[in-house]
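The next block holds one structure in the form of structure tokens; read it before the comments.
The values are calculated or read from the model by the stated rules, or taken from the named source; none is laboratory data. As the structure is a computational prediction, the values presented were derived from the model and not from experiment. Don't worry about glycine lacking a Cβ; one is built from the backbone with ideal geometry, like all the others, and counts go over all protein chains shown.
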Amino acid sequence: MAWVVLILSGLFEAVWAIALAKSEGFTRLYPSLVFFGALAISMGGLAWAMRDLPAGSSYAIWVAVGAAGAVIYSMATGMESFSLTKVLLLLVLIGSVIGLKFAN
């Protein structure tokens, strides 16, 4: 169960990162509220998962899932340019996360 919570927390990291960008320095209310809500869920889930999982691996996986999610969302919505190089590097990142899971 800790792994599921960790992955979901990583996805909420992507949500707060995108909301932070859309908040325009906390000048827009709705994205700012989404940021704070997703941040609380993401951090809470990370903390919960770390009760059962090693801190280093948990943090690395949480960051990787969040970063990959943010880049994938940004490319899918046109906020960021799409390139084959980015896709290949995301695949390496995701493969590394899977490797960390099996190394534990």
Item to check | Residue list for the range 73-87, restricted to those being in contact (Cβ under 8 Å) with a residue 40 or more places away in the chain and not polar (S, T, N, Q) | outcome: Y73, M79
Checklist entry - Within the bounds of the range 85-98, is there any residue that is of a type in the set (G, A, S) and more than 16 Å from the chain's Cα centre (by Cα)? => result no
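Conditions (1) outside any helix (DSSP H, G or I); (2) surrounded by 20 or more Cβ atoms within 10 Å (Cβ to Cβ); (3) among the hydroxyl-bearing types (S, T, Y); (4) in contact (Cβ under 8 Å) with a residue 40 or more places away in the chain, marked per residue:
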{"position": "F26", "(1), (2), (3), (4)": "yes, no, no, no"}
{"position": "L33", "(1), (2), (3), (4)": "no, no, no, no"}
{"position": "A38", "(1), (2), (3), (4)": "no, yes, no, no"}
{"position": "I41", "(1), (2), (3), (4)": "no, no, no, no"}
{"position": "G44", "(1), (2), (3), (4)": "no, no, no, no"}
{"position": "W48", "(1), (2), (3), (4)": "no, no, no, yes"}
{"position": "S58", "(1), (2), (3), (4)": "no, yes, yes, yes"}
{"position": "I61", "(1), (2), (3), (4)": "no, yes, no, yes"}
Checklist entry - Is there any pair with a first residue in the range 88-103 that is surrounded by 10 or more Cβ atoms within 10 Å (Cβ to Cβ) and among the polar types (S, T, N, Q) and a second that is at pLDDT 90 or above and part of a helix (DSSP H, G or I) whose Cβ atoms are under 7 Å apart and which are 6 or more apart or on different chains, and what are they? => result S96/A64
Checklist entry - Which residues, taken from the range 1-24, are surrounded by fewer than 17 Cβ atoms within 10 Å (Cβ to Cβ), part of a helix (DSSP H, G or I) and touching a Pro at 6+ places or on another chain (Cβ under 9 Å)? => result A21, K22
